[in-house]
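Written below as structure tokens is the structure these notes are about.
The values are calculated or read from the model by the stated rules, or taken from the named source; none is laboratory data. Everything numeric here is computed off the predicted structure, so don't read it as measured data. Every residue, glycine among them, receives a Cβ derived from its backbone with ideal geometry; neighbour counts consider all protein chains shown. Accessible surface is based on the protein model in full, side chains and every heavy atom, while ligands, DNA and RNA are left aside. Shrake-Rupley method; radii C 1.70, N 1.55, O 1.52, S 1.80 Å.
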Amino acid sequence: MNARRSFFVLTALAFGFAFLYLPILSMVVFSFNASKLVTVWDAANSPTLKWYRALLDNEEILGAAWISLKVGVINACGAVILGTLAGFGLARFRRFRGRFTLSAMTTAPLVMPEVITGLSLLLLFVALEQAIGWPAGRGVTTMTIAHMTFSMAYVTVVVQSRLSSFDISLEEAAMDLGAPPVKVFFVITLPIIFPAILAGWLLAFTLSWDDLVISSFTSGPASSTLPMVVFSKVRLGVSPEINVLATLTITVVTTMIVGASLWMARLEKAASGAPET
Amino acid sequence: MGNPAGLVKAAPWKDPGVRPYVEIEHLTKSFGDFKAVDDVSLRIYKGEIFCLLGPSGCGKTTLLRMLGGFETPTSGRILIDGEDMTGVPPYERPVNMMFQSYALFPHMTVEQNVAFGLKQDRVPKVEIAERVAAMLALVKLDGLARRKPHQLSGGQRQRVALARALVKRPKLLLLDEPLGALDKKLREHTQFELISLQDQLGVTFVVVTHDQEEAMTLAGRIGVMNHGEIVQAGTPTEIYEFPTSRYVADFIGSVNIFEGKLVEDEPEYVRIRSDELGGTIYVSHGISAAPEATVWAAVRPEKIFMSTSAPASADNAAHGVVQDIAYLGDLSIYRVKLDSGKVVRVTRPNTTRHAESITWDQPVFLSWDATSPVVLTT
Amino acid sequence: MRAPAREGSATGLGKRLARVGVSGRGLVVALPYLWLVLFFVAPFVIVLKISFSDVDLAIPPYKPLLQWAANHTLDVRLNFNNYAFLFTDALYVDALLNSLKVALVSTGLCLLLGYPMAYGIARSAPRTRNLLLLLVMLPFWTSLLLRVYAWIGLLKANGVINNVLMSLGVIHEPLAMLYTPFAMYVGIVYSYLPFMILPLYANLEKMDWQLLEAAEDLGCRPWQAFYKITLPLSRNGILAGSMLVFIPAVGEYVIPALLGGPNALMIGRVLWDEFFANRAWPTASAVAILLLVLLVPFMMWYQNVQARESASEP
Ligand SMILES: Nc1ncnc2c1ncn2[C@@H]1O[C@H](COP(=O)(O)OP(=O)(O)OP(=O)(O)O)[C@@H](O)[C@H]1O
Ligand SMILES: [Mg+2]
């Protein structure tokens, strides 16, 4: 099999991965650079942890990170509930009224340009406030609702594809043995799709944690998220603290993803009962 | 087992003057330290159907893929029509393959699938149309030319794959388990169709199968493989009646093997003393083996006579009790437990409709002709 | 089948709900359905409404569309001025066309780089395959903003690339790369590449590679076999990947804003500026509607391709 990957394909792979990882690598390296000029390596005083210390002292960034964390966690939990229900419905109920609409509504946010989603949600919130007085002003609540709306679409896709790849006869067998549908869902279905739900949660959290555009539209004056602060800093020029932030993000994400995929591989193996080939 | 194709044809492999069409010389293929094909030498002649038969994993597909050019031999070489095929890629070999999974192109119609190879060779459009139509008629698919593969039955797909490979008029057609995906009835029917097709077109076939009945039906000659080696090659009759090893005797059909010691070894007969039989075996031909050597006598179940009265001769005879009877319709299989404890398999055609006279737990005598046993030294 | 005796207690609630026309199934999908109708579909109705109203120096900065006039009749003021304005000022049409061009070129570049990568991953041994796939996904999980920021550091006048090239003696003057269309393309391709690779990989992974051997057996050279067999069979993957890149790229804001410089005229940016800088909500709404009308056919196409892909699964 390997021999059939041509030189061209291998070159493309090498180039592609270099393209994907060199920028990330450069941020990691320059996060230890002493110079404030970011990309000019100050060999005399580097490597140093001085920007790491600076980041930890930066109240603005820490405050924004706290807001991002709050929004991210609430969003991920909400999106997982909504997305699992939608994914379950789409995968298990062959036909129901509004199936097409639901499937279209869960696909569209995946590709919808963020400026449109952001603008439309903001206008909705403003209109709602005028009409019924809720939500009063904009802030964490409106941002969380906005994030849930687009990240549940991702959860739906993950859960739906997981559900359609496993044997429905497991559920039928449980019902045959007398378990009511709700119990079947909690006892049989949920454990099987658990890896997908976990992946969906992480995905929803990451999407929220990274989002700039939709947050900018839907946040209030005192609720700047981490990406919003980073964006305003970056627009003014490069800043060594951002390199540090990037390095920390990459470290956390890599650890989480690698850990989660190792764990899920094990879960999956246990769930399918057969060793992976 | 009948063999219409093999019987009517001459036997070029017996004629040293005839040049083999495909020569496989000391071919070896290793995956790591594992030898999938181990020093195989074979000669295949123009117009024959040669079957590679062997258990799963013995290297049949690997050998076939080397013929097709999909696998590079570790050592040895292949000549086709006198030309060395080493380093010739699949698309330049005068060889076509019918894949085990058929490998029909799902996005093309039956017609486009069959025309694919011809288009590749830049055959003129008019000729392509003619040849495709003729080939589809030959495999009885004329009405289905515009269907896609997923709209066909298993048998129809098999015929599209065959037509696609044959339409290029290859010098050699390789078929990997061509009938493996078909049910038993259709498989038997298709076997005869394959033979008559091959007869009409005169293309040389190398067929891989693990079904011995299929090999016997199709083949002019069979190469029996085990662990990457060809253990015996010959006509179905040779393989069945004159196996050269216990492995072949056992693999082809069923057989009773009695271990024994050579006690008399003359040019025109041998006598073997077998404790497993509880008597002596007399064989009316000589063999070459050391005196007192351990040998094995193989006797096919259908060559054993069974009766309730004692046979005349003391050689080639035994006494036992019927342990089990399986009624298969055309014949019945008896398992007879000898006094020595060995269980022997005997088959008898059910020539009459009435219940058999021999039944469970009945003491019986077994015997066979002096020409029936085959003496094996390995 | 469930024993009838169990019905009474276990699904008593279900029965009562069924009587009022609500089934268990309905409840499962009702929540996400209502959520999406309220927060995904309804907003577009409001955007549409506001796109037809006048700019006002109030909070919110637009005039209501519906008003009860004094004589108790409903006074509807549909006002096409915002749309007319979009077509009179060349800025908007230019931005739209430029966005389409940038998205199209970026999609092409992603395909050129992503296809061989997806192909290479799909053809590697299962163990390597999972690792490579993980490597494709990892950048996607780290912040887009930070990854775009990394390119600023690389492309700047005194950035890494210029420094390296100058110290190697390849160039003597720093190249102006940042704040050019080049930088923008690099950023978009970089950010959207995983979205191209993943659907392509999912499609190629299902490929029966023996078909390629069959094609070679019938006389195709490897590249011909690729062109005649692999490429047409991966059509759905190509379409899905292209849509996932093209549609969001048309409305992209962050990348042009950070890498493209002040002249990078992209419709997403125009919308952003109308909204945040000019506080022209009705104009921004009209831009959004225009963009949406343009993109909806592509979204439907994508939805269609997805449905076909999942139907072709075994
Ligand atoms: N690419 C490969 N790498 C490593 N081992 C291989 C490879 N291809 C085949 N083998 C091994 O070589 C041996 C022979 O395989 P082959 O496919 O030729 O068997 P076969 O006789 O066709 O069996 P079957 O009847 O099951 O099709 C097997 O043990 C197989 O595991
Ligand atoms: Mg095989």
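Listed conditions (1) open to solvent by 60 Å² or more (accessible area, probe 1.4 Å); (2) in contact (Cβ under 8 Å) with a residue 60 or more places away in the chain; (3) away from ligand 1 (no atom under 16 Å from the Cβ); (4) small (Gly, Ala, Ser) are all met by B:Gly47, apart from (1).
A single entry from C:Ile247, C:Ile229, C:Ile255 fulfils the requirement of being crowded, with 23+ Cβ neighbours inside 10 Å, over 23 Å from the mean Cα position of the chain (by Cα) and either more than 9 Å from chain A (Cβ to nearest Cβ) or assigned to a helix (DSSP H, G or I) (or both): C:Ile229. Quick check: is even one residue across the range B:84-101 in a strand (DSSP E or B) and open to solvent by 40 Å² or more (accessible area, probe 1.4 Å)? Yes: one or more hits. When the range A:207-223 is filtered for residues that are away from chain C (no Cβ under 11 Å), touching a Ser or Thr at 6+ places or on another chain (Cβ under 8 Å) and open to solvent by 20 Å² or more (accessible area, probe 1.4 Å), nothing remains. Any idea how many residues of the range C:93-120 are open to solvent by less than 10 Å² (accessible area, probe 1.4 Å) and within 20 Å of C:Leu295 (Cα to Cα)? Of the residues in that region, 6 qualify.
Consider the range A:9-33 and keep the residues that are more than 20 Å from C:Val189 (Cα to Cα) and either at pLDDT 90 or above or open to solvent by 10 Å² or more (accessible area, probe 1.4 Å) (or both). The one that is farthest from the other protein chains (Cβ to nearest Cβ) is A:Phe32.
To keep it simple, each residue is scored yes or no on (1) in a helix (DSSP H, G or I); (2) open to solvent by 20 Å² or more (accessible area, probe 1.4 Å); (3) over 30 Å from A:Trp51 (Cβ atoms); (4) touching a residue at least 60 places away in the same chain (Cβ under 8 Å).
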| position | (1), (2), (3), (4) |
| --- | --- |
| A:Val155 | yes, no, yes, yes |
| A:Leu170 | yes, yes, yes, no |
| A:Thr189 | yes, no, yes, yes |
| A:Phe205 | yes, yes, no, yes |
| A:Met228 | yes, yes, no, yes |
| A:Ser232 | yes, yes, no, no |
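The one condition from (1) part of a helix (DSSP H, G or I); (2) open to solvent by less than 40 Å² (accessible area, probe 1.4 Å); (3) within 12 Å of ligand 1 (Cβ to nearest atom) that B:Thr61 does not meet is (2). Return the residue satisfying two criteria in turn: it lies in the range B:110-132 and is among the small types (Gly, Ala, Ser) and surrounded by 15 or more Cβ atoms within 10 Å (Cβ to Cβ), and of such residues it is farthest from the chain's Cα centre (by Cα). Applying the filter and picking the extreme gives B:Ala115. Would you confirm, using the coordinates I've provided, whether B:Ser75 is more than 13 Å from ligand 1 (Cβ to nearest atom), in contact with a Ser or Thr (Cβ under 7 Å, 6 or more places away or on another chain) and at pLDDT 90 or above? So B:Ser75 fits the description; yes. Residue count for the range B:158-184 under the criterion of being surrounded by 21 or more Cβ atoms within 10 Å (Cβ to Cβ), basic (Lys, Arg) and within 24 Å of the chain's Cα centre (by Cα): the result is 1. Taking the numbered list (1) in contact (Cβ under 8 Å) with a residue 40 or more places away in the chain; (2) on the phi < 0 side of the Ramachandran plot in turn, B:Asn316 passes all entries but (2). The set of residues in the range B:174-218 being within 16 Å of ligand 2 (Cβ to nearest atom) and on the phi > 0 side of the Ramachandran plot consists of B:Glu177 alone.
For the range B:21-36, the set of residues classified as open to solvent by less than 10 Å² (accessible area, probe 1.4 Å) and more than 13 Å from ligand 1 (Cβ to nearest atom) consists of B:Val22, B:Ile24, listed by residue number.
Taken over the range C:123-154, the criterion of being in a helix (DSSP H, G or I), touching an Asp or Glu at 6+ places or on another chain (Cβ under 7 Å) and either buried (at least 22 other Cβ atoms within 10 Å of the Cβ) or basic (Lys, Arg) (or both) is satisfied by C:Leu145 alone. All conditions in (1) more than 14 Å from chain C (Cβ to nearest Cβ); (2) within 16 Å of ligand 2 (Cβ to nearest atom); (3) open to solvent by 20 Å² or more (accessible area, probe 1.4 Å) hold for B:Asp39, with the sole exception of (2). Contact map, the range B:224-248: first residue more than 17 Å from B:Thr209 (Cβ to Cβ) and away from chain A (no Cβ under 14 Å), second residue away from ligand 1 (no atom under 16 Å from the Cβ) and outside any strand (DSSP E or B), Cβ cut-off under 6 Å, separation 6 or more or different chains; pairs are B:Pro243/B:Ala249; B:Ser245/B:Thr378. Filtering C:Leu212, C:Leu193, C:Leu218, C:Leu198 for residues that are in contact (Cβ under 8 Å) with a residue 40 or more places away in the chain and at the interface with another protein chain (Cβ under 10 Å from one of its Cβ atoms) leaves a single hit, C:Leu193. Kindly indicate whether any position in the range A:127-136 is assigned to a helix (DSSP H, G or I), crowded, with 17+ Cβ neighbours inside 10 Å and facing chain C (nearest Cβ under 8 Å). Yes; the residues of the range A:127-136 include at least one that is assigned to a helix (DSSP H, G or I), crowded, with 17+ Cβ neighbours inside 10 Å and facing chain C (nearest Cβ under 8 Å).
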